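Structure record follows, encoded as structure tokens.
What follows draws every value from the coordinates through simple rules; no lab data is involved. Here the structure is a predicted model, which is why all the values come from computation and not from measurement. Using ideal geometry, Cβ is built from the backbone for each residue, glycine included, and neighbour counts are taken over all protein chains shown.
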Amino acid sequence: MIHYAEHKAICEVMMQVLIVEPQSDIHRYNDWQEWIQTRKELMKTIQQNLNRSLEPYEKQMILWSKTCFICHQQAELKTCQRCFSANYCEEHANAFRTKHDGYKCDQMMLMLNIDIEIISGRTNDDSNTDDDENNVDSNE
Ligand SMILES: [Zn+2]
Ligand SMILES: [Zn+2]
């Protein structure tokens, strides 16, 4: 809300850029590097259109947009129903499960929970340690 004016500007520019390249979201990338390269080009285009450099959160918004974990296409994605942080396309459902399930999924779930804690402002270390101490004390 604080950055609403800025936000509005970048949203408009992003819409324009995306309209210019309507096919880009179904494009499949050969590897991660190729995907990042196109993101960097997109950032440059947006920067030129905005006439200012991008804020870190705006760069993140562009770099971490929803894509298939395997091919980085952006259309018709499904989301991991466990961590809600990873996406995959129809074609890569199996490949995704193989690569993502287990450790990666756990890690992303942890990161998501940390994000939620930070957003909700419940990061003070006085959370409920008092209760735990009381329990220990009364355990005579
Ligand atoms: Zn895919
Ligand atoms: Zn997951």
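Pop out the Kirkwood hydrodynamic radius of the stretch 46-102 from its pairwise C-alpha distances, inverse of mean 1/r, in Å to one decimal.
One decimal place: 12.7 Å for the Kirkwood radius.
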Simple label model, 7 Å out from Cα along Cβ direction - ALA5 to ILE119, nm
2.6
